[in-house]
1. Quick one: would you say residue 262 is of a type in the set (D, E, K, R) and outside the structural domain of residue 171 (by TED's automatic domain parsing)?
2. Within the stretch 356-369, is even one residue under 20 Å from the mean Cα position of the chain (by Cα) and among the β-branched types (Val, Ile, Thr)?
3. Please enumerate the residues belonging to the stretch 13-26 that are more than 16 Å from residue 267 (Cα to Cα), surrounded by fewer than 20 Cβ atoms within 10 Å (Cβ to Cβ) and within 22 Å of the chain's Cα centre (by Cα).
4. Listed residues 357, 316, 312; which is buried (at least 22 other Cβ atoms within 10 Å of the Cβ) and either within 18 Å of residue 268 (Cα to Cα) or modelled with pLDDT of 95 or more (or both)?
5. Would you pick out the residues in the stretch 218-232 that are modelled with pLDDT of 95 or more and within 18 Å of residue 266 (Cβ to Cβ)?
6. Looking at 348, 286, 276, can you tell me which residue is surrounded by 20 or more Cβ atoms within 10 Å (Cβ to Cβ), out of contact with any strand residue (DSSP E or B) (no Cβ under 6 Å at 6 or more places or on another chain) and at pLDDT 95 or above?
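The values are calculated or read from the model by the stated rules, or taken from the named source; none is laboratory data. Quick caveat: nothing in here was measured; it's all calculated off a predicted structure. Glycine also receives a Cβ, built like all others from the backbone with ideal geometry; neighbour counts cover every protein chain displayed.
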Amino acid sequence: MSEEFQFHLKATDGKARLGKITMPRGEIRTPAFMPVGTAGTVKAMYLDQVRDLGADIILGNTYHLMLRPGAERVARLGGLHSLIRWPHPILTDSGGFQVMSLSDLRKIDEKKGVTFRSHVDGSIHQMSPERSIEIQGLLGSDIQMQLDECVRLPAGPKEIEQSMEMSLRWAERCRVAFGTQPGKAMFGIVQGGDIGALRIRSAQGLADLDLKGYAVGGLAVGEPQHVMLEMLDITLPVLPTSKPRYLMGVGTPDDIIKSVARGIDMFDCVMPTRAGRHGLAYTRRGKVNLRNARHAEDLRPLDEESDCPAARDYSRAYLHHLIRANESLGGMLLTWTNLAYYQDLMKGIRGAIAEGRFADFMAETQEMWARGDIDPV
């Protein structure tokens, strides 16, 4: 395994990219979906299960981990990898998105960063670019994200521009704070809302910093899908082709496959785990809402062709009962189903790019979704 962070672009098919990140803790096959382990846990899953489904990397959340159990405590306990028993790569977000979401509970100052009140106990904390990198280092993450300001759309052009420019300056401060950490990487985050010219300026500014990778942030925060895709079409040609590209917080299977078609390499989203806990399954035939009464006496599994036992071996009738009865096992089984489907989708995408048939794979996959779930027999 490489002792340094390296990205190998193995093949392209149109704008879709097949690659591999190598680093001391393992390889990350791209395009990759990173299950979200917000507070050191992928909700409703054992991490051994997550690994068995095909995940090469998971995401941890700096904001939540700094509040509980605390970054310094995690460091004293041997780091996040050891604490949660995940010896493979971990990416930590900067905490910026969660802090910015607090609105009434935070105050922004460019020099000091963000002062905010914990949603847990009301205590006051400060997150500067330097402190965000320090926390991520204490956690021991392999890929660290710059602190940025994420503006929720819609927003005014002046607000978006000022936020983007500050995020660029914070990226430089994060780069200096990160320094040289063998085998690890820091990614910058492109901002600019839904204004193409600002996206280009942000991407150009970050490219000039020569970082290990680049994320596109501030999308899937309220804008329609076509706006997100338009921003990707504008932004990605500006970013270096030799570095991985990460679309933060995205998304649905349809979002993912359309973003891969535009050149994105990495994704994360709480959607598969959150949907599973609320009774919604993602399958080859699209979404299935197990709360619906039509499943009450349906003995078919969710997907008889799936390699995932949760999707293949349990009847819809039983899953429906568990969800309607608010039994925790229901959310566990559907989360398992969803993460399995997301990883199967990524595996199929990688295989299709390698074979030069990504466009066909995309069309076939979308056709299956459009057909919908078959009616009960």
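1. No: the conditions fail for residue 262.
2. Within the stretch 356-369 (the criterion being under 20 Å from the mean Cα position of the chain (by Cα) and among the β-branched types (Val, Ile, Thr)), the answer is no, since none of the residues qualifies.
3. Across the stretch 13-26, the qualifying residues are 15, 22, 24, 25, 26.
4. 316
5. Passing the criteria: 228, 229, 231, 232.
6. It is 276.
Table: residues versus (1) farther than 16 Å from residue 143 by Cα; (2) modelled with pLDDT of 95 or more.
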site: 38; (1), (2): no, no
site: 43; (1), (2): yes, yes
site: 47; (1), (2): yes, yes
site: 59; (1), (2): no, yes
site: 64; (1), (2): yes, no
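Results for (1) among the β-branched types (Val, Ile, Thr); (2) under 17 Å from the mean Cα position of the chain (by Cα), shown as yes or no for each residue.
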residue: 234; (1), (2): yes, no
residue: 239; (1), (2): no, no
residue: 248; (1), (2): no, yes
residue: 251; (1), (2): no, yes
residue: 258; (1), (2): no, yes
residue: 265; (1), (2): no, yes
residue: 271; (1), (2): no, yes
residue: 280; (1), (2): no, no
